[in-house]
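See below for the structure under consideration.
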């Protein structure tokens, strides 16, 4: 009967050691990070910032289109694509395939606006801009509430 407590103690120590070996790397993986969840999460910060940049670029593209100025469209479209690519890297809150498709469609729509602006075809800029606005709405839906 004296071996029972000794065996039990050994088993308990081995189990504790194994748990420590397993848990320590997981604990260190998040060392130095704020651990928050929800809309204020640190991980969504860059996506939210990129979304704000994308919205600002879209607004500037609309203003330039209304003023029939092609050069600002060129510059803002490049900023818009960069922001969308950054958002793509951070990921969305839902279906990855839909998210990737929404980003791809928004980039393609922005390129059509850019091409039409370079050709100084403002009728085509206006129609392409409507498509761009719709695709940006789809990106926003896929981002979910944290990016708003």
key: Pairwise label distance in nanometres, residue 130 with residue 52, each label 7 Å out on the Cα-Cβ vector   = 3.2 nm
remark   = FRET efficiency for residue 89 and residue 119 from the Cβ-Cβ distance with R0 = 22 Å, rounded to 0.05, comes out at 0.10
note = A correct fewest-to-most ranking of 58, 132 by other Cβ atoms within 10 Å would be 58, 132
query = Between residue 66 and residue 97, 0.36 nm times their residue separation minus their Cα-Cα distance comes to what?
reply = 7.8 nm
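Fewest first, what order do 138, 85 take by the number of other Cβ atoms within 10 Å?
85, 138
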query = residue 111 versus residue 138, label points 7 Å from Cα toward the beta carbon: distance in nm?
reply = 1.5 nm
task = Would you please classify the overall shape of the range 43-147 from the alpha carbon gyration tensor, given that a ≥ b ≥ c denote the square roots of the eigenvalues, rounded means a/c under 1.5, and beyond that prolate means a/b larger than b/c while oblate covers the rest?
result = prolate
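No value in this document is a laboratory result; all are computed from the given coordinates. All values reported here derive from a predicted model rather than from experimental measurement. Note that we place each Cβ from the backbone using ideal geometry, even for glycine, and neighbour counts take in every protein chain shown.
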